[in-house]
């Protein structure tokens, strides 16, 4: 059974667990297993490093909706191309995936093209920012949210270093800065990363990320552990998840 996609409106009711796939071997195993321990599968194309002619037919076997990411090397990824090349790859995936990630650092002209692509293909854009060295201040987070609105991203994502509970608290306070309908995702990395990825969805973070198999970020837990924790702690998520998969995890 293929699981249906979910709407942006659903983020007002419950979080969504993203399972990150970082290698061809994990993707092949995921397809062979027939199911993924998450709600949305992120394919890190910059890390999988295979031609789309191989990956697109293979990924058709994934039952969950797909998020496609070519993470820039400046934000922890391996992609070094120009924006036109990334846009061309995203266009090739538009019939298979409904979610695409672009760093907010991409220039405004590039974002105009991504937005035009998303509108034409009826897909969603996640505007992301990753800081592996520190946790931004509230004013900096406010600026990033404003940038996300300016480029018309559908979702704002911030992943930041959280070595102490104080960093997690800043991200939690950042979730309260949203006074409109832009869904916000805040996740921690580092020592308090695992805790943050359960705690912040309980306070409004629309997405939380965990690995499927090998990890690719400091403090990244397994996606299936996030699902179990949120089923126990978030009534709205538990009800949605139970209805979606037919049984509780």
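What is the gain in length, in nm to one decimal, between residue 131 and residue 35 on full extension, counting 0.36 nm per residue of separation less the C-alpha to C-alpha distance?
Extra length available between residue 131 and residue 35 comes to 31.4 nm.
Obtain the nm distance between the two label points defined at residue 142 and residue 164 by a simple spin-label model: each point lies 7 Å from its Cα along the Cα-to-C-beta direction.
2.3 nm
Taking every pair of alpha-carbon atoms in the stretch 12-245, what share in percent sits in each 10 Å bin, from 0 to the bin with the longest distance?
Final binned percentages: 8, 34, 39, 18, 1.
How do 169-178, 97-106 rank on mean C-beta neighbours within 10 Å, highest first?
97-106, 169-178
Any idea what Rg and Dmax come out to for the stretch 116-167 if you just take the C-alpha atoms, in Å?
Every Cα atom of the stretch 116-167 included, Rg and Dmax give 13.3, 43 Å.
Go through 33-45, 125-137 and give me the packing order, highest mean Cβ count within 10 Å leading.
Sorting 33-45, 125-137 by mean packing, highest first, produces 33-45, 125-137.
Tell me the Kirkwood radius of the stretch 134-249: reciprocal of the mean inverse pair distance over distinct alpha-carbon atoms, in Å.
14.7 Å
Find the relative contact order for the stretch 138-249 and round it to a whole percent, using C-alpha pairs within less than 8 Å whose residues are 6+ positions apart.
Relative contact order of the stretch 138-249: 19 percent.
Going by average Cβ density within 10 Å per residue, which order do the peptides 11-17, 208-214, 141-147 take, highest to lowest?
Top of the packing list down: 208-214, 11-17, 141-147.
Quick one: if you stick a label point 7 Å off each Cα along the C-beta vector at residue 122 and residue 245, how many nm between them?
Going from the residue 122 label point to the residue 245 one covers 2.8 nm.
In nanometres, what is the gap between the two model label sites at residue 215 and residue 60, each 7 Å from Cα along Cα-to-Cβ?
3.6 nm
I need to check one value: relative contact order of the stretch 12-245, counting alpha carbon pairs closer than 8 Å and at least 6 residues apart, in percent.
Over the stretch 12-245, the number comes to 21 percent.
Please report, in whole Å, how far the alpha carbons of the stretch 57-147 spread along each principal axis, starting with the longest.
42, 24, 24
Could you calculate the FRET efficiency of residue 108 with residue 12 from 1/(1 + (r/R0)^6), where r is the beta carbon distance between them and R0 is 30 Å, rounded to 0.05?
So, using R0 = 30 Å, E works out to roughly 0.60.
Name the residue, out of 199, 124, 108, whose mean-square fluctuation peaks in a Gaussian network model built on the chain with Cα pairs under 10 Å.
Greatest mean-square fluctuation among the candidates belongs to 108.
Which distance in Å, rounded to a whole number, links the C-alpha centroids of the stretch 219-234 and the stretch 150-164?
The two parts, judged by their Cα centres, are 20 Å apart.
Bear in mind that the values in this text are calculations on the coordinates, not laboratory data. Here the structure is a predicted model, which means the values were calculated and not measured. Quick reminder, even Gly has a Cβ in these numbers, built from the backbone with ideal geometry, and neighbours come from all protein chains shown.
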